[in-house]
């Protein structure tokens, strides 16, 4: 199990200027012992190539995988420029994935669904060219209201570069033991045993919880996940002979 910490957990100190992105990376490595990071595009003070290269270099120097980007609206009909710039940023950062939810159903849900499938097909082609996998989480009020809805739309889009992103709250039966999921989303409050049962060999994307102690909360959540993983490995180990 590998854990990537989302910058959404630290949105308040980042927005308030109490924490820079570079400091966030350093502390994710030194204080949290994370395997990687998931940087929200909304938390970038700059997106030019020089700054992005600096982020990537620092992450690599710290032993962190710049696992992915979080952003909103990539599947919106009029977001062609945002899709292009986001994938270019992901490539420059060395990100393996970009996570973005589906759009709201709008006034004419069937028409919006057809439009979104067309956008998803084009986005899948662009993601393939950039060698970046698009992760799609379920989100209330969108065409991906639940994991089943996300899987249904992505099946219609038919691209190996578009993958559902389950959460620890999803029913294991809905996830499916034979499906491929590069990562699952988990919150700081999720039960570690449940997260492990869902994750398998996937990355765990550790997301936000409102609070004034994000470092303490994230450290406690990661420690609980590591401990649960160690206990699980011990339980599966064969007895010594």
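The values are calculated or read from the model by the stated rules, or taken from the named source; none is laboratory data. Everything numeric in this text was worked out from a predicted model, so none of it was measured. Cβ placement follows ideal geometry from the backbone for every residue including glycine, while neighbour counts extend to all protein chains displayed.
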Restricted to region 169-201, and to residues that are under 13 Å from the mean Cα position of the chain (by Cα) and in a loop (DSSP other than H, G, I, E, B), which residue is modelled with the lowest pLDDT?
181
Do any residues in region 102-128 that are on the phi > 0 side of the Ramachandran plot have Cβ atoms under 8 Å from those of residues that are surrounded by 15 or more Cβ atoms within 10 Å (Cβ to Cβ) and in a helix (DSSP H, G or I), where the two are at least six apart or on different chains, and which pairs are they?
106/112
Identify the single condition in (1) touching a helix residue (DSSP H, G or I) at 6+ places or on another chain (Cβ under 9 Å); (2) surrounded by fewer than 19 Cβ atoms within 10 Å (Cβ to Cβ) that residue 152 does not satisfy, given that it satisfies every other one.
(1)
Which residue out of 143, 123 is buried (at least 21 other Cβ atoms within 10 Å of the Cβ), modelled with pLDDT of 95 or more and closer than 27 Å to residue 173 by Cα?
143
If you check residue 87 against the conditions, is it within 18 Å of the chain's Cα centre (by Cα), more than 21 Å from residue 54 (Cα to Cα) and in a helix (DSSP H, G or I)?
no
Against the condition modelled with pLDDT under 90, farther than 26 Å from residue 133 by Cα and surrounded by fewer than 22 Cβ atoms within 10 Å (Cβ to Cβ), how does residue 213 come out, does it pass?
yes
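Each row is one residue, and each column tells you yes or no for (1) closer than 23 Å to residue 102 by Cβ; (2) over 18 Å from the mean Cα position of the chain (by Cα).
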| site | (1), (2) |
| --- | --- |
| 32 | no, no |
| 36 | no, no |
| 40 | yes, no |
| 45 | no, yes |
| 53 | no, yes |
| 56 | no, no |
| 63 | no, yes |
| 72 | yes, no |
| 76 | yes, yes |
For region 167-178, give me each residue that is surrounded by 13 or more Cβ atoms within 10 Å (Cβ to Cβ), over 16 Å from residue 70 (Cβ atoms) and in contact (Cβ under 8 Å) with a residue 12 or more places away in the chain.
168, 169, 170, 174, 175
If we only count helices (runs of 4 or more DSSP H) wholly inside region 1-77, which ones have 1 or more residues that are out of contact with any helix residue (DSSP H, G or I) (no Cβ under 9 Å at 6 or more places or on another chain) and closer than 21 Å to residue 226 by Cα?
21-30
